[in-house]
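Report on the structure given below.
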Amino acid sequence: MERFVSVIIPVFNDAERLKICLTALETQTYPQDCYEEIVVDNGSDESLENIVKQFPQAKLAYCNNPGSYAARNHGISLAKGEILAFTDSDCIPASDWLTMGVKRLVATANCGLVAGKIEIFFKNNDRPRAIELYDSVTFFNQKQYIEEKRYGATANIFTEKLVFERVGLFNSQLKSGGDREWGQRVFAQGYSLVYADEARVAHPARYSFGQMYHKVARVRGVGYEQARATQPLLIYLLTTLSHLKPPFRSTRRKLHQLSQEDSLKNTLQVTQVLCVIFTMHYLGFFAQTYRGR
């Protein structure tokens, strides 16, 4: 008998993409009487009720505390499932997403979380923008997150409700990096963390400079605050100043990955991607230092 799963989806002003996400969830290969979808509205300006009621397995909840981690925590409090699956309103789960994620979770001894693959797609796959290409090799590398940083991005993770009961909920005070902080707590408690390439969701690449800058500034700002709070002042200052060095190593890695994927079509596109890499590197540095003032 299949175990019951609660899928938790925080959403803020994303009705159109939420509908696509829920449509994908309604056609899962997992038995339909063995899962529910909890959509947590985190203060949207638009009404989501008319969309959610179109899907019989979905229920709508409201969380007035700002932040996606507060919304996820509220979803956890309402969940009936002993297994919890997390994705985002802008994600499109594959039809066997639940089947594969649950299978890997159940098959792994002492499993704290399963991080599934996040496949980045472009608005125009034949002509992706430089910003999109940069996004595709910078964020959502779940395998690297699990193996090197000990967490999984909440766009695609599976866990047991019991793990939250033992380790604690997401830190709702964090606006970014809450999945990393929670995943590292899970690892510190001795749980196994695994990557599941077969449990897939699709995620759109960020398309505009503004979207990318907001993401980079948010991530770097959180890293800045954590480092400032935990490191001795001299080490912190030296580490911060080291970020002024040109990002040659990460640039080579990104360009190599894009070349392996046959994403770079001409010299102009390579030049555009290089400009984005260096621009975001230094804008991220100034964003994090300005945030700390």
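Coordinate-derived values only; no laboratory data. The shown structure was predicted, so the numbers you read here are calculated from the model rather than taken from an experiment. Note: ideal-geometry Cβ built from the backbone for every residue, glycine included; neighbour counts use all protein chains shown.
Taking neighbour Cβ counts within 10 Å as the exposure measure, how do D179, D262, D197 sort from fewest upward?
Details: D179 24, D262 7, D197 11.
Ranked by crowding around the Cβ, least crowded first: D262, D197, D179.
Which pairs, out of K19/K103; K143/K245; K80/K103; K53/K175, put more than 23 Å between their alpha-carbon atoms? It would help to have the intermediate numbers written out before the result.
Details: K19/K103 26 Å; K143/K245 27 Å; K80/K103 19 Å; K53/K175 29 Å.
As for pairs spanning more than 23 Å Cα to Cα, those are K19/K103; K143/K245; K53/K175.
Starting with the fewest neighbours, write out I157, I51 ranked by other beta-carbon atoms found within 10 Å of each beta-carbon. Don't skip to the answer; put the middle values down first.
On the way: I157 27, I51 18.
In increasing order of surrounding Cβ atoms, one gets I51, I157.
Show that you can apply the helix-only estimate: for the chain, add -39,500 (n - 2.57) for every DSSP H stretch of four or more residues, divide by all residues, and state [θ] at 222 nm to the nearest 500.
Numbers: 11 runs with 132 residues, N = 293.
Theoretical 222 nm ellipticity from helices: -14000 deg cm²/dmol.
Tell me the angle of helix 97-107 to the major Cα principal axis of the chain, expressed in degrees between 0 and 90 and rounded to the nearest ten.
90 degrees
Shape of the stretch 78-167 from its Cα gyration tensor (a ≥ b ≥ c, root eigenvalues): rounded if a/c is under 1.5, otherwise prolate when a/b > b/c, or oblate? Mind dumping the intermediate values first?
On the way: a/c = 2.45, a/b = 1.88, b/c = 1.31.
Prolate is the answer for the stretch 78-167, as a/c is 1.5 or above and a/b outweighs b/c.
Rounded if a/c is under 1.5, else prolate if a/b is larger than b/c, else oblate: which is the stretch 1-85, with a ≥ b ≥ c the root eigenvalues of its Cα gyration tensor? Mind showing how you got there, number by number?
Numbers: a/c = 2.40, a/b = 1.34, b/c = 1.79.
Here the stretch 1-85 falls in the oblate category.
Counting only DSSP beta bridges with both residues in the chain, tell me the antiparallel percent, nearest 5. Could you put the intermediate results ahead of the total?
Numbers: 9 of 35 bridges.
Once the DSSP bridges in the chain are tallied, antiparallel ones form about 25 percent.
Give the value in nm², to one decimal: projected area of the alpha carbon convex hull of the chain, averaged over all directions. Mind dumping the intermediate values first?
On the way: hull surface 63.8 nm².
Its average projected convex-hull area is 15.9 nm².
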